Amino acid sequence: MTTGLREHDMSAADGPAPLLVTKITSSSEALNGWVVVDSLVDGMAMGGTRMTATVSEEEIKRLARAMTTKLALAGLPIGGAKAGIRAGMGDREAALRAFGRASAPLLHGGIYLGTDLGTTHADRDLFLAEAGYDVLRHPRVKKLPVDWATFWTHLVDITGFGVCEASAAAIKTRFGTRPCRVAIQGFGTVGRAVGKGLEERGHCIAAIADIRGTIEARDGLPIGQLLSITDPAGTIDRGRLPDGVRVLDGPEAWLDVDADVLILAAVGDAVRAENARRVRAQIVVEGGNLCCTANAKEIMAARGVLLIPDVVANVGGAAVTGCVLTGTVPFDLPLKQMVNWLFGWVGARVRDNTEAILEITAGGVADPVAPLLAQRRTAPLSAVVAR
């Protein structure tokens, strides 16, 4: 493991360099990865662990910077971090264990690492155990009613719930109370929760894209049936599609779907300068991390597309972890009431921030995140959600 403080790795446009960049390697376990600490608050930072074949140091830096912004907008007193593991041809479990051993000093030193694209709660539990790290022994965490792994079984859909809240607020602003047609790019944990949530709110899920392509139904996809034929990774069984569902041609067919709302819940940079003009939706919600490039955002803004950024919409899981690590959650509540409190807390903050973003955007500001962040740092969100 090599560690270095970087002073000039990021451009001036991106702000100051991260506080700490740690490269983690192990030839015996085919491990190649990074931990980036973008900021610290009271000696603490947190972020997820991404595991893909293409993850890079620069990508993790960008994600760590976004985590700093996300947590600040949520009003949580904790810094932003992120980890990345380059998935290769070696033993995946061995790589995760090696990552846990190598990152143990950071974990025990106040840098919490959770899940992100390519890792599951089981993966997280594996590398935390290998590091000998237990959240419940954290000096600022009071006793949860259950262990960390069990706690999260009640909060699997929290990020998707937040994306639904952001989408609903944007829909109300642009379309009022009428039902909308929604396209969802990505059908993993977040995409599935968004599909269920928006369907329950009366909206039509017109199209869904997974790793195999895009499926569409003019009168709406039956989410319940699709969930029953979708594997844990979010791939829909094409051999068992319900009647009336058709498969669209092209790897980015989801861009061309006749939809009012586009939910991006998969890989980063999905909408770029070269494909941004194909977006037909009037509202785009970043349900994943860094889904749109800066150039794509400019192109869509010029066309009048409302964009809800990831640092506002994709906050649920991070906010829950932050609430626990900072002692924000009422630890004396029974488990069910605690879970309800967290859903209420996340929902209120996502709605407030989405409405603020929409108001700033309506004023003609090109980048609404910067002024909102300035507002939140001078006048943090007040406490919401009574017990």
Out of region 129-147, which residues are within 20 Å of residue 343 (Cα to Cα) and touching a His at 6+ places or on another chain (Cβ under 9 Å)?
146
Of the candidates 151, 127, 161, the one satisfying the condition of being surrounded by 24 or more Cβ atoms within 10 Å (Cβ to Cβ) and either part of a loop (DSSP other than H, G, I, E, B) or aromatic (Phe, Trp, Tyr) (or both) is 127
Return only the number of the condition from (1) assigned to a helix (DSSP H, G or I); (2) modelled with pLDDT under 95; (3) small (Gly, Ala, Ser) that residue 193 does not satisfy.
(2)
Scan region 191-213 and report the pairs whose first residue is at positive phi and whose second residue is surrounded by fewer than 17 Cβ atoms within 10 Å (Cβ to Cβ) and among the aliphatic types (A, V, I, L, M), with Cβ atoms within less than 9 Å and a gap of 6+ or a chain change.
213/247; 213/248
So for region 39-49 (the condition being over 26 Å from residue 264 (Cβ atoms) and either touching a Cys at 6+ places or on another chain (Cβ under 7 Å) or free of Cβ contacts under 8 Å to residues at least 40 places away in the same chain (or both)), does at least one residue qualify?
yes
From the list 94, 64, which one is part of a helix (DSSP H, G or I), surrounded by fewer than 22 Cβ atoms within 10 Å (Cβ to Cβ) and assigned by TED's automatic domain parsing to the domain that holds residue 21?
94
Residue under question is residue 184, and the condition is that it be among the hydrophobic types (A, V, I, L, M, F, W, C) and part of a helix (DSSP H, G or I); does it hold?
no
Please give the number of the condition residue 332 fails out of (1) in a strand (DSSP E or B); (2) within 30 Å of residue 137 (Cβ to Cβ).
(1)
Matching residues in region 293-306 - criterion: being in contact with a helix residue (DSSP H, G or I) (Cβ under 6 Å, 6 or more places away or on another chain) and not β-branched (Val, Ile, Thr):
296, 300, 306
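The values are calculated or read from the model by the stated rules, or taken from the named source; none is laboratory data. In this text the structure is predicted, and so the values were computed from the model without any measurement. Neighbour counts are summed over all protein chains in view; Cβ atoms, including those assigned to glycine, are modelled from backbone coordinates with ideal geometry.
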